[in-house]
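Read through the structure below, which is laid out as structure tokens, and then see the notes.
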Amino acid sequence: PTEMGRLTAVFLLGLGSNDLDGTIPTEMGRLTAVTALSLFSNALTGTIPTEMGRLTAVGSLWLSSNDLAGTIPTEMGRLTALSSLYFNDNALTG
């Protein structure tokens, strides 16, 4: 839900394997304190929001095993703290 963007003090958000569907809310880009975000193994669709490039503290990002498509936003290049990134099992390009 879009209300997730209000959780600005969250450091770890694990939502993997929860049968979530729909698109990734752009409000997720407000979670600027998050260091680990897992959304793997759900039924998320659409593109990766460019707002995800605001997650500059994130070290681990799991978006694998969803139904995401389109190009990987260039804004993802701002995630300089990344040490682990998983986009596998989607239909992403770029």
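The values are calculated or read from the model by the stated rules, or taken from the named source; none is laboratory data. Computed from a predicted structure; not experimentally measured. Here the Cβ positions follow ideal geometry from the backbone for every residue, glycine too, while neighbour counts run over all protein chains shown. Accessible surface areas use protein heavy atoms only, side chains included; no ligands, DNA or RNA. Shrake-Rupley method; radii C 1.70, N 1.55, O 1.52, S 1.80 Å.
Observations on the structure shown:
- For the chain, the residue among T26, N42, T80 whose Cα projects farthest onto the positive side of the dipole built from Cβ charges is T80.
- Accessible carbon and sulfur surface of the chain relative to its total accessible area, %, 1.4 Å: 53
- In a simple Cβ point-charge model (Lys, Arg +1; Asp, Glu -1; nothing else charged), segment 1-82 has a dipole of about 300 debye relative to its Cα centre.
- Largest GNM mean-square fluctuation across M52, M76, M28, computed for the chain with C-alpha springs under 10 Å, falls on M76.
- Relative contact order (%) - the chain, alpha-carbon pairs under 8 angstrom, separation at least six: 25
- Per residue, the chain exposes 52 Å² of solvent-accessible protein surface, assessed with a 1.4 angstrom probe and all protein chains in place.
- If you run the Gaussian network model on the chain, springs between alpha carbon atoms under 10 Å, then out of L55, L68, L13 the most flexible one is L13.
- Max mean-square fluctuation residue, GNM over the chain, Cα-Cα springs under 10 Å, options S83, S41, S17: S83
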